[in-house]
Amino acid sequence: MTSILNADLHCHSVVSDGTLTPEALAERAASHGVELWALTDHDEIGGQARAAAAAKAVGMRYVTGVEISVTFLGKTVHIVGLGINTDNADLCEGLERTRGGRRLRAQDMADGLAKVGIKGAFEGALQYVSNPDLISRTHFARHLVETGVCRDTNEVFRKYLTEGKPGFVEHRWASLKDAVGWITGAGGMAVVAHPARYKFTPNEEYALFTEFKGHGGRGVEVVTGSHSAAEYVTYAATAQEFGLAASRGSDFHSPLESHTELGTLPYLPGGLTPVWELLAARIQ
Ligand code: AMP
Ligand code: MN
Ligand code: MN
Ligand code: MN
């Protein structure tokens, strides 16, 4: 397989903070020409069996996926796991622990919002949650848009849900070592998600990739909905520098909110090893 493959290895369903079911996502991906697909819900693999079956039903190849929340140098970093065995006990237990603090965190977020006059945000966000274990900032954002506090979810994040803002709560997610360990222990490949989003200094970013490699991480997202064209070039160079395979994924969440449609990003640049070459044995 070459880099010229319409692979979309990053997106979210109602099992985390997306708005479509795994089945609707599979149909949408196929209708946009996706040839190899992975559903990568945040900290949760409850949608994997449905996604794999739905992919099969529409004639699309599938690889299992997850996106694990990690705390590294005080920031939240996302690590995608591809080709994981979803029955692996350590992985399942690790994900359960990672999800664990979300409800309390959400209550603290609502307390912060109440202090600036936005009441009832916890109950409001819950209206948008289909998996009670997975309350995310995205659900708060949808509630604040729906109630007219902000025009769109971007504005909610900018004004209320990011560091220093009233609804932001410091949270400790999994360690980088644990997340990479759970993924590799479950037979999968760990991939650094959307690295440009973290705004690390060059030294911090070097530390991220060095430690990630050291723990057994093997890939990096180069072409993602979170990167500009210039960032594709930057992270193609990072993949080469650190000997990492390259991944491609839209990070699609919702037809109304997502600016990147499933399966519509440019192909991976040439000269890289696509993650799907190394995942061949894990593709269904
Ligand atoms: P959480 O895991 O609860 O911290 O929520 C993180 C999720 O919020 C991400 O996966 C995105 O879906 C969403 N998100 C983060 N930043 C933004 C933003 N600026 N605009 C819209 N959605 C965002
Ligand atoms: Mn999300
Ligand atoms: Mn992410
Ligand atoms: Mn994502």
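The values are calculated or read from the model by the stated rules, or taken from the named source; none is laboratory data. Keep in mind that what you see is a predicted model, and the values were worked out from it rather than measured. Reconstructed Cβ throughout: ideal geometry from the backbone, glycine too, with neighbour counts over all protein chains shown. What goes into the accessible areas is simple: the full protein's heavy atoms, side chains included, and nothing from ligands, DNA or RNA. Shrake-Rupley method; radii C 1.70, N 1.55, O 1.52, S 1.80 Å.
Take residue 55 and tell me if it is assigned to a helix (DSSP H, G or I), open to solvent by 10 Å² or more (accessible area, probe 1.4 Å) and either more than 16 Å from ligand 2 (Cβ to nearest atom) or not assigned by TED's automatic domain parsing to the domain that holds residue 256 (or both). Talk me through it step by step, then tell me what you get.
Values: assigned to a helix (DSSP H, G or I): yes; open to solvent by 10 Å² or more (accessible area, probe 1.4 Å): no; either more than 16 Å from ligand 2 (Cβ to nearest atom) or not assigned by TED's automatic domain parsing to the domain that holds residue 256 (or both): yes.
Criteria not met by residue 55.
Which residue, of 65, 74, 81, is in contact (Cβ under 8 Å) with a residue 60 or more places away in the chain, assigned by TED's automatic domain parsing to the domain that holds residue 209 and out of contact with any Asp or Glu (no Cβ under 7 Å at 6 or more places or on another chain)?
Details: 65 fails: in contact (Cβ under 8 Å) with a residue 60 or more places away in the chain; 74 fails: in contact (Cβ under 8 Å) with a residue 60 or more places away in the chain.
Testing whether each residue is in contact (Cβ under 8 Å) with a residue 60 or more places away in the chain, assigned by TED's automatic domain parsing to the domain that holds residue 209 and out of contact with any Asp or Glu (no Cβ under 7 Å at 6 or more places or on another chain) leaves just 81.
Does the range 39-47 include one or more residues that are within 14 Å of ligand 4 (Cβ to nearest atom), hydroxyl-bearing (Ser, Thr, Tyr) and under 16 Å from residue 69 (Cα atoms)?
yes
Just one of (1) part of a helix (DSSP H, G or I); (2) near ligand 1 (Cβ under 9 Å from one of its atoms) trips up residue 177, so point out which.
(2)
Which condition number does residue 167 fail, the rest of (1) assigned by TED's automatic domain parsing to the domain that holds residue 81; (2) within 16 Å of ligand 1 (Cβ to nearest atom); (3) open to solvent by less than 10 Å² (accessible area, probe 1.4 Å); (4) not polar (S, T, N, Q) being met?
(1)
Do we find that residue 91 is away from ligand 3 (no atom under 16 Å from the Cβ), surrounded by fewer than 21 Cβ atoms within 10 Å (Cβ to Cβ), under 30 Å from residue 168 (Cα atoms) and in the same structural domain as residue 198 (by TED's automatic domain parsing) in this structure?
Working: away from ligand 3 (no atom under 16 Å from the Cβ): yes; surrounded by fewer than 21 Cβ atoms within 10 Å (Cβ to Cβ): no; under 30 Å from residue 168 (Cα atoms): yes; in the same structural domain as residue 198 (by TED's automatic domain parsing): yes.
Spelling it out, it is not the case that residue 91 is away from ligand 3 (no atom under 16 Å from the Cβ), surrounded by fewer than 21 Cβ atoms within 10 Å (Cβ to Cβ), under 30 Å from residue 168 (Cα atoms) and in the same structural domain as residue 198 (by TED's automatic domain parsing).
Can you pull out every residue in the range 66-82 that is open to solvent by 20 Å² or more (accessible area, probe 1.4 Å) and either within 13 Å of ligand 4 (Cβ to nearest atom) or of a type in the set (Ser, Thr, Tyr) (or both)? Before you say what the answer is, go through the steps one by one.
From the range 66-82, those open to solvent by 20 Å² or more (accessible area, probe 1.4 Å) are 71, 73-76, 78; that's our starting set.
Scanning the range 66-82 gives 71, 76, 78.
Yes or no, residue by residue, for (1) of a type in the set (Phe, Trp, Tyr); (2) open to solvent by less than 10 Å² (accessible area, probe 1.4 Å); (3) at pLDDT 95 or above:
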site	(1), (2), (3)
116	no, no, yes
128	yes, no, yes
133	no, no, no
137	no, no, yes
